[in-house]
Amino acid sequence: MKTLAALALLSATAFSPLFGQGEETLAGLKGVYIYVERLKDEVKRDGLDEAQIRTDVELRLRQAGITVFREAGSFDSAGSPILDIDVHPVKVTSEGVESFYVYHVHIELNQSVRLVRKPSLRVLATTWATRSTVGAIGEDKFGSIRDIVRDHTEQFINAYLAANPKR
C-alpha cells in the first residue's frame with residue numbers, strides 16, 4: 001500500500017505544462033541562484049544530500065559559463081532568477097521485499113514577473129521547467145539520482161545558452 005501511495009504522489013507531479021516553453025524568458029539573464037529543495041533525513045542517511053546536489057549543479061553551470069549568484073545577489077539581478085532543484089525520493093520498504101526508492105526529479109526557473117492586468121504587482125512565477133523524471137531505483141543504485149539531476153541541469157544549460165548565445 002505504501003508503494004502505491006508513493007507512486008501516486010510522485011505521478012501527480014510528473015508533468016510540467018511549461019516543458020518546451022519559456023526559453024525566451026531566459027534571454028538576458030545574467031545568472032541564477034540555485035535553490036535545492038530540502039531532503040528528508042532518511043534520504044540523507046542513505047547517501048544523498050542537498051550540498052552534493054547543489055555542488056553538482058553549480059559546477060556544471062559554471063563550466064558552461066553561467067554565473068551562479070549568492071542568494072543576496074540573485075535578488076539584485078533583473079527578475080531575481082532562482083533555479084529550483086526538486087529531488088523527491090521516497091523510500092519504500094515492505095516485508096520480504098528489498099527496500100527501494102521511488103523518485104521524482106524536476107528543475108524549474110522561477111523569476112519575479114509583473115502581471116499585465118496590474119503592473120505594480122510583482123510575483124514569483126515559473127518561467128521555464130524541465131519535464132519531470134519519475135522512476136524507481138534500488139538502494140544500491142541510489143547515487144545515480146545525481147546523474148538524473150545532471151541530465152536536467154544539461155537541459156537548462158542548453159536552453160540558457162540557446163537564449164543567450166556568446167557574442
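Could you check E42 against (1) at pLDDT below 95; (2) surrounded by 14 or more Cβ atoms within 10 Å (Cβ to Cβ); (3) in a helix (DSSP H, G or I) and say which number it fails?
(2)
Is region 72-82 home to any residue that is open to solvent by less than 20 Å² (accessible area, probe 1.4 Å), of a type in the set (G, A, S) and at positive phi?
The answer is yes, given that some residue of region 72-82 is open to solvent by less than 20 Å² (accessible area, probe 1.4 Å), of a type in the set (G, A, S) and at positive phi.
Which one of the conditions (1) touching a Gly at 6+ places or on another chain (Cβ under 8 Å); (2) of a type in the set (G, A, S); (3) open to solvent by 20 Å² or more (accessible area, probe 1.4 Å) does A129 fail to meet, given that it meets all the rest?
(3)
Condition first: surrounded by 11 or more Cβ atoms within 10 Å (Cβ to Cβ), out of contact with any Leu (no Cβ under 9 Å at 6 or more places or on another chain) and not β-branched (V, I, T). Can you find one or more residues in region 115-122 that meet it?
Within region 115-122, not a single residue is surrounded by 11 or more Cβ atoms within 10 Å (Cβ to Cβ), out of contact with any Leu (no Cβ under 9 Å at 6 or more places or on another chain) and not β-branched (V, I, T).
Among (1) more than 22 Å from T126 (Cα to Cα); (2) at pLDDT 95 or above; (3) under 18 Å from the mean Cα position of the chain (by Cα), which single condition is V36 missing?
(1)
Could you tell me whether any residue of region 95-102 is more than 30 Å from S77 (Cα to Cα) and either touching a Pro at 6+ places or on another chain (Cβ under 8 Å) or at pLDDT 95 or above (or both)?
Within region 95-102, one or more residues are more than 30 Å from S77 (Cα to Cα) and either touching a Pro at 6+ places or on another chain (Cβ under 8 Å) or at pLDDT 95 or above (or both).
The values are calculated or read from the model by the stated rules, or taken from the named source; none is laboratory data. Note that this is a predicted model, so its numbers are computed, not measured. FYI the Cβ positions are ideal-geometry reconstructions off the backbone, even for glycines, and counts take in every protein chain you see. SASA here: full protein model, heavy atoms, side chains in, ligands and nucleic acids out. Shrake-Rupley method; radii C 1.70, N 1.55, O 1.52, S 1.80 Å.
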